[in-house]
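The values are calculated or read from the model by the stated rules, or taken from the named source; none is laboratory data. For clarity, every value in this text was computed on a predicted model and none was experimentally measured. FYI the Cβ positions are ideal-geometry reconstructions off the backbone, even for glycines, and counts take in every protein chain you see.
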Amino acid sequence: MIEINKLCKSFGSLEVLKDISLTIQTGEIYGLVGRSGAGKSTLLRCINALEPYQSGSLKIDGTEIKDLSKQQIRELRKGIGMIFQQFSLIERRSVYKNVALPMKCWKYDKNIIDKRVRELLELVEISDKIDARPSTLSGGQKQRVAIARALALDSHILLCDEATSALDPKTTQSVLHLLRDINQKLGLTIIVVTHQMEVVREVCDTISILENGKISAAGAVKEVFLQKPKALMTLLGKEDHTYQEDGEVVSFILSTDQLDAIHFTHDQFGAKILSTSTNDYKGLPFTEVVVTTTPSKTEDLKNFLKEQKFFYYAAGGQN
């Protein structure tokens, strides 16, 4: 578990992180979202102790990062892998040697290195490129090699700094699918820095939206997209739309096999449909429905949604 409480970070007189507080559960895929300069990458570098912080607390599995010695920080980083937008592979070395490099630095036995490299290349589905040079690989293949290298030391945390920003949409999907698969197979905690909403919807369990060094919105991905906080709408480049209705506005999310509920809410509760939209969350399509009904029917509607275990949001409460 990663626990951050009131963390502040400055470069000279410029305060880039201001009272950041969040908790990342073990095995979770957590998104740090925001525009360039919001502080996302700086926060990521604080997590693996590449950047010191001036005040506040940052604990990994109960250990305060700023209290660690240089040797302890080195041990900490052994368990934290990182991948980048530009892959950061060594061009003159083969795929095998790129993945083996962290283990060589830690003086692992050659037989252990060989076994581990082959296991990792199979995990990221690129074992046929074991002897290839990075210059012969596509962007997606390079990122797969980078992921394998990041996991070489049995990392339990993977930091992804705009890892798909340089990839085309199809390749992005394949890399995100791989990250989700690795998360499920290894129980890996993954922290994703991105400005791409499709990345958030595809892999993240929880997100925090950063603006000017502060967290302006946070929560489960479906919850944040359902509530549409101002920070999200600003990031999407959309105006914050408020429905002018006499009754309470209720938003809820349905999977494709639950769409009949739209008609049921109209027939049973007199719900007026204000809008519908469909988006993918973790590879599965979900429809967001926004309705309003008379004040006398609102509680009945919310009770129905709760009984059916639909995720909903209304001014008076959420499920």
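Table: residues versus (1) of a type in the set (S, T, N, Q); (2) crowded, with 19+ Cβ neighbours inside 10 Å.
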| residue | (1), (2) |
| --- | --- |
| CYS8 | no, no |
| SER13 | yes, no |
| LEU22 | no, no |
| LEU32 | no, yes |
| LEU68 | no, no |
Next item on the list: Go through the range 125-163 and give me each residue that's within 26 Å of MET1 (Cβ to Cβ), out of contact with any Phe, Trp or Tyr (no Cβ under 8 Å at 6 or more places or on another chain) and of a type in the set (A, V, I, L, M, F, W, C).
Entry: ILE147, ALA148, ALA150, LEU151, ALA152, ILE157, LEU158, LEU159, CYS160
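Yes/no per residue for (1) without any contact (Cβ under 8 Å) to a residue 40 or more places away in the chain; (2) in a loop (DSSP other than H, G, I, E, B); (3) of a type in the set (A, V, I, L, M):
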site: GLU3; (1), (2), (3): no, no, no
site: CYS8; (1), (2), (3): no, no, no
site: ILE20; (1), (2), (3): no, no, yes
site: GLY27; (1), (2), (3): no, yes, no
site: TYR30; (1), (2), (3): no, no, no
site: SER36; (1), (2), (3): no, yes, no
site: SER41; (1), (2), (3): no, no, no
site: ALA49; (1), (2), (3): yes, yes, yes
site: GLY56; (1), (2), (3): no, no, no
Margin query: If LYS40 meets every condition in (1) at pLDDT 95 or above; (2) surrounded by 12 or more Cβ atoms within 10 Å (Cβ to Cβ); (3) closer than 22 Å to MET1 by Cβ; (4) not aliphatic (A, V, I, L, M) apart from one, which number is that one?
Written below: (1)
Check: In the range 144-174, how many residues are within 14 Å of PHE87 (Cβ to Cβ) and modelled with pLDDT of 95 or more?
Finding: 8
Check: Mind checking which residues of the range 203-230 are in contact with a Phe, Trp or Tyr (Cβ under 9 Å, 6 or more places away or on another chain), assigned to a strand (DSSP E or B) and touching a residue at least 24 places away in the same chain (Cβ under 8 Å)?
Finding: THR206, ILE207, SER208
Notebook entry, point to check: Does LYS142 fit the bill of being farther than 30 Å from LEU17 by Cβ, loosely packed, with under 12 Cβ neighbours inside 10 Å and not aliphatic (A, V, I, L, M)?
Noted result: no
Notebook entry, point to check: Of everything in the range 80-128 that's β-branched (Val, Ile, Thr) and surrounded by fewer than 16 Cβ atoms within 10 Å (Cβ to Cβ), which residue is farthest from the chain's Cα centre (by Cα)?
Noted result: ILE112
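Yes/no per residue for (1) in contact with a helix residue (DSSP H, G or I) (Cβ under 8 Å, 6 or more places away or on another chain); (2) within 30 Å of ASP61 (Cβ to Cβ); (3) among the basic types (Lys, Arg):
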site	(1), (2), (3)
SER94	no, no, no
CYS105	no, yes, no
SER127	yes, no, no
ILE147	yes, yes, no
ALA152	yes, yes, no
LEU158	yes, yes, no
ALA163	yes, yes, no
